[in-house]
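Novice: This structure is in structure tokens; I'll ask about it shortly.
The values are calculated or read from the model by the stated rules, or taken from the named source; none is laboratory data. Please read these numbers as outputs of a predicted model, since none were measured by experiment. FYI the Cβ positions are ideal-geometry reconstructions off the backbone, even for glycines, and counts take in every protein chain you see.
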Amino acid sequence: MKRNRGTPARKPSPFRPPQGSPRTQPEARRGAAAPAQARRGKEAAFIDPPKLHKALADAGYGSRRELEEWIAAGRVSVNGVPAHVGQRVGPDDKIRVNGKLAQLKFMLRLPRVLVYHKPEGEIVSRDDPDGRPSVFAKLPRLKSGRWISIGRLDFNSCGLLLFTNDGGLANRMMHPRYEIDREYAVRVMGEASPEVLERLRKGIELEDGVAAFKVIIDGGGEGTNHWYRVVLSEGRNREVRRMFEAVGLMVSRLMRVRYGPVHLSPRLKRGQCRDLEPEEVQALLKLLPPERKAPAGRPLDTDNDLEMDQGDDDDRIDFAEK
């Protein structure tokens with residue numbers, strides 16, 4: 001039998017999800033209509049349900065102060081039980097004022113999440129003494145609030161960046177407690193031996209502790225350049241680069257291709273962004289438990305109660321007024 005001597009099979013692109021790569025769903029096309037259930041159904045997430053006295057005030061039952069007094073006096077019930085001041089309510093609660101069922105409207109408030117394809121040569125910061133281009137200059141303006149970056153990529157890195165207008169979501173997406181995957185396509189100068197790959201899987205001692213890849217896949221390469229797909233579930237400063245440097249390999253290109261269930265679509269060109277569809281935002285929210293509230297009488301200490309991770313490359317929170 002003659003062997004086929006035609007053009008050799010192309011190696012898989014390092015930027016495409018490898019076989020078996022976790023993927024919750026394909027990215028929705030920009031402008032696609034969201035399913036009605038995602039917009040209105042009970043499974044839709046309500047962010048920070050309103051306090052009872054505020055919901056009643058918004059419905060025209062009185063001032064907030066007056067309604068707090070009504071609640072304290074036992075004139076308001078929730079699901080047949082006397083309400084208490086500060087109680088939060090949702091669309092499934094039966095609320096009565098002086099025994100009569102209250103007609104309240106609850107707004108579905110999914111946070112807005114933006115996907116941006118960061119090119120090399122931009123910083124993820126509002127201010128830079130060197131005057132380098134900022135990713136925030138490329139984002140659409142918000143009518144109110146500000147964009148918050150979910151992690152960072154350094155000046156020489158590229159790929160997927162997420163932004164949101166919800167600080168609580170940004171905090172939880174970055175916190176190492178929740179072990180949200182970050183996947184990267186990495187090009188290095190040289191090739192790692194099987195022994196080196198095993199070291200990277202088991203853990204490398206860095207100056208800020210041991211770091212290990214959850215997944216490392218050989219993506220092939222030619223000449224002095226070799227590609228790998230790696231997955232981390234934390235975001236320490238320059239972690240991917242430092243891990244390869246620790247085994248004698250220099251990273252020549254670093255591209256984030258996935259953050260949690262969100263993949264970088266080949267349709268999204270460098271320097272472009274798009275909003276996640278409602279069902280995609282809900283997929284993010286399902287990864288995370290509800291945001292923890294501060295104990296009564298004590299504000300949430302973000303330095304201790306919700307320690308920020310440092311990111312690869314630098315998952316610190318950053319805000320941009322728009």
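Novice: Could you give every pair whose Cβ atoms fall below 6 Å, whose first residue belongs to region 130-144 and is not assigned by TED's automatic domain parsing to the domain that holds Asp154, and whose second residue is surrounded by 14 or more Cβ atoms within 10 Å (Cβ to Cβ), counting only separations of at least 6 or pairs across chains?
Specialist: Hits for this filter: zero, empty list.
Novice: Taking the options Thr24, Thr7, name whichever one is closer than 30 Å to Val231 by Cα, of a type in the set (Ser, Thr, Tyr) and modelled with pLDDT under 90. Outline the logic, then answer.
Specialist: On the way: Thr7 fails: closer than 30 Å to Val231 by Cα.
Matching residue, one of Thr24, Thr7: Thr24.
Novice: So Arg29 passes all but one of these: (1) part of a loop (DSSP other than H, G, I, E, B); (2) surrounded by 10 or more Cβ atoms within 10 Å (Cβ to Cβ); (3) basic (Lys, Arg); (4) modelled with pLDDT of 50 or more. Which condition number does it fail?
Specialist: Just one mismatch for Arg29, condition (4).
Novice: With the condition kept exactly as written, say whether any residue in region 113-122 is surrounded by 14 or more Cβ atoms within 10 Å (Cβ to Cβ), in the same structural domain as Lys269 (by TED's automatic domain parsing), within 16 Å of Met255 (Cα to Cα) and aromatic (Phe, Trp, Tyr).
Specialist: yes
Novice: Let me ask you something else. Do you know which residues across region 47-61 are out of contact with any helix residue (DSSP H, G or I) (no Cβ under 7 Å at 6 or more places or on another chain), assigned to a loop (DSSP other than H, G, I, E, B) and more than 9 Å from Arg88 (Cα to Cα)? Before the answer, list the steps.
Specialist: At the first step, the residues of region 47-61 found to be out of contact with any helix residue (DSSP H, G or I) (no Cβ under 7 Å at 6 or more places or on another chain) are 47-51, 55, 58-60.
Cutting the leftovers down to assigned to a loop (DSSP other than H, G, I, E, B) gives us 47-50, 59-60.
Selection gives Ile47, Ala59, Gly60.
Novice: Give the residue, chosen from Ser149, Ser157, that is closer than 28 Å to Gly220 by Cα, surrounded by 21 or more Cβ atoms within 10 Å (Cβ to Cβ) and of a type outside the set (Asp, Glu). Break it down into steps so the answer makes sense when it comes.
Specialist: Working: Ser149 fails: closer than 28 Å to Gly220 by Cα.
None of the others qualify; the one that does is Ser157.
Novice: Assess whether Val135 counts as being over 27 Å from Leu284 (Cα atoms), among the aliphatic types (A, V, I, L, M) and either in contact with a helix residue (DSSP H, G or I) (Cβ under 8 Å, 6 or more places away or on another chain) or modelled with pLDDT of 95 or more (or both). Let's see the steps before the verdict.
Specialist: On the way: over 27 Å from Leu284 (Cα atoms): no; among the aliphatic types (A, V, I, L, M): yes; either in contact with a helix residue (DSSP H, G or I) (Cβ under 8 Å, 6 or more places away or on another chain) or modelled with pLDDT of 95 or more (or both): yes.
Spelling it out, it is not the case that Val135 is over 27 Å from Leu284 (Cα atoms), among the aliphatic types (A, V, I, L, M) and either in contact with a helix residue (DSSP H, G or I) (Cβ under 8 Å, 6 or more places away or on another chain) or modelled with pLDDT of 95 or more (or both).
Novice: Just checking, how many residues over region 142-173 are over 30 Å from Arg187 (Cβ atoms) and part of a loop (DSSP other than H, G, I, E, B)?
Specialist: Total satisfying the criteria: 6.
Novice: Sort out which residues of region 172-222 are among the basic types (Lys, Arg), free of Cβ contacts under 8 Å to residues at least 24 places away in the same chain and touching a helix residue (DSSP H, G or I) at 6+ places or on another chain (Cβ under 7 Å), and write them in order of number.
Specialist: Filtering region 172-222 down to residues among the basic types (Lys, Arg) leaves 172, 177, 182, 187, 199, 201-202, 214.
Add one more test, that the residue is free of Cβ contacts under 8 Å to residues at least 24 places away in the same chain, and what stays is 177, 201-202.
Listed by number, the list is empty, since nothing qualifies.
Novice: Of all residues in region 240-254, count the ones that are crowded, with 17+ Cβ neighbours inside 10 Å and over 28 Å from the mean Cα position of the chain (by Cα).
Specialist: Adding up the residues that qualify gives 1.
Novice: Another question, if that's okay. Could you tell me whether region 155-166 includes any residue that is more than 30 Å from Glu69 (Cα to Cα), in contact with a helix residue (DSSP H, G or I) (Cβ under 8 Å, 6 or more places away or on another chain) and in contact (Cβ under 8 Å) with a residue 60 or more places away in the chain? Reasoning before the result, please.
Specialist: Of region 155-166, the ones more than 30 Å from Glu69 (Cα to Cα) are 155-166.
After this cut, where a residue has to be in contact with a helix residue (DSSP H, G or I) (Cβ under 8 Å, 6 or more places away or on another chain) as well, the list is 161-162, 164.
Pick out the ones that are also in contact (Cβ under 8 Å) with a residue 60 or more places away in the chain and you get 161-162.
Yes, because at least one residue in region 155-166 is more than 30 Å from Glu69 (Cα to Cα), in contact with a helix residue (DSSP H, G or I) (Cβ under 8 Å, 6 or more places away or on another chain) and in contact (Cβ under 8 Å) with a residue 60 or more places away in the chain.
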